[in-house]
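Reviewing the structure listed below.
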């Protein structure tokens, strides 16, 4: 019962935007934490603690605790630490799942992505028109929301199109894992991703598809050329699409220049405290809450040890998964999980999905499954 509820909550997590609905987000986080804690206690009673907390994950949590204790704003650090603990618990949960439950979890994630894709397509076809009429009646909207409405860049249910695009790029490889309904699931998720007009998400998807073909060991030059051609055409179309507006701050070139500015400002913060960081939740730039490069922001918040321990955890998980890919028979789901993780990591070179629980929770599950799958029990 508890396991089924947790899988359902994992599927529901992306529908609650933490920045847009902070109280609902807090309630959901407490609910998810409670069920994970109950599952963890039961799991320890029945299976013991052997191998439950991998050393890289323990080091990552230790670094988070130390940097939180040294942070200037302890309340903000504790809030961020709580979300990281939930992420670690999701990793342990996924890492411990047997094969059947792992498949159920992935199916739940894919169906959630399909529903979210449907919401995004609906927003593009009908939602923006209704929203425009609502605002025309005198209701106020933020400048960011007005920019998205003018550009008709789908973002529902997330707060920005780039976050939605990164989420869909991460979930699209998992849609490959079931032959029934494969085509229409892929089409609707890809269509929603295109409607975000996110170049970063499209880059992440390109990397994911390449990784998927590499780990599957079935590389055909003709297929790779076809996929590359489709991605290049899509990227060119999105670039032109977004560059045709009259407002300079909505163009891709302006977005790129702002990211470079954020990265330089983040590096200045790192220079002031390279080893211990400013503490989780204590990061702020002059014009942004995020560095738009999660790895730089992790370094700025948790210090060099925190960044290296996270890299260690990622490498350890991928190595564990890679050990099961030797030989001609390579599990399709495991390949898709590794590709999905690659999409998330690539997208976070330009975005901040790592710091949004509605996105990062899915990644923690994917990472845990990548390290442990497939299990026979």
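Can you tell me which residue within segment 259-273, out of those that are under 22 Å from the mean Cα position of the chain (by Cα) and surrounded by 14 or more Cβ atoms within 10 Å (Cβ to Cβ), is modelled with the lowest pLDDT? Step by step, filter segment 259-273, then rank; the result is 259. If you go through segment 326-340, how many residues are more than 21 Å from residue 205 (Cβ to Cβ) and modelled with pLDDT of 80 or more? Here the count works out to 1. When 246, 276, 251 are screened for being at pLDDT below 90 and surrounded by 12 or more Cβ atoms within 10 Å (Cβ to Cβ), only 251 passes.
Scanning segment 281-290 for residues that are over 13 Å from residue 356 (Cα atoms) and modelled with pLDDT of 95 or more yields 282, 283.
Listed by position, the helices (runs of 4 or more DSSP H) enclosed by segment 96-168 that each have at least 1 residues that are closer than 30 Å to residue 366 by Cα, in contact with a helix residue (DSSP H, G or I) (Cβ under 6 Å, 6 or more places away or on another chain) and at pLDDT 95 or above are 99-122. Within segment 22-51, the residues that satisfy the criterion of being in contact with a helix residue (DSSP H, G or I) (Cβ under 6 Å, 6 or more places away or on another chain) and either surrounded by fewer than 17 Cβ atoms within 10 Å (Cβ to Cβ) or more than 15 Å from residue 88 (Cα to Cα) (or both) are 33, 38. With the condition kept exactly as written, say whether any residue in segment 81-96 is under 22 Å from the mean Cα position of the chain (by Cα), more than 19 Å from residue 358 (Cα to Cα) and surrounded by 17 or more Cβ atoms within 10 Å (Cβ to Cβ). Taking every residue of segment 81-96 in turn, at least one turns out to be under 22 Å from the mean Cα position of the chain (by Cα), more than 19 Å from residue 358 (Cα to Cα) and surrounded by 17 or more Cβ atoms within 10 Å (Cβ to Cβ). Within segment 325-362, the set of residues being over 21 Å from residue 110 (Cβ atoms) and part of a helix (DSSP H, G or I) comprises 325, 354, 355.
The values are calculated or read from the model by the stated rules, or taken from the named source; none is laboratory data. Quick caveat, the model's predicted, so the values are computed rather than measured. Cβ atoms come from the backbone with ideal geometry, glycine included; neighbour counts cover every protein chain shown.
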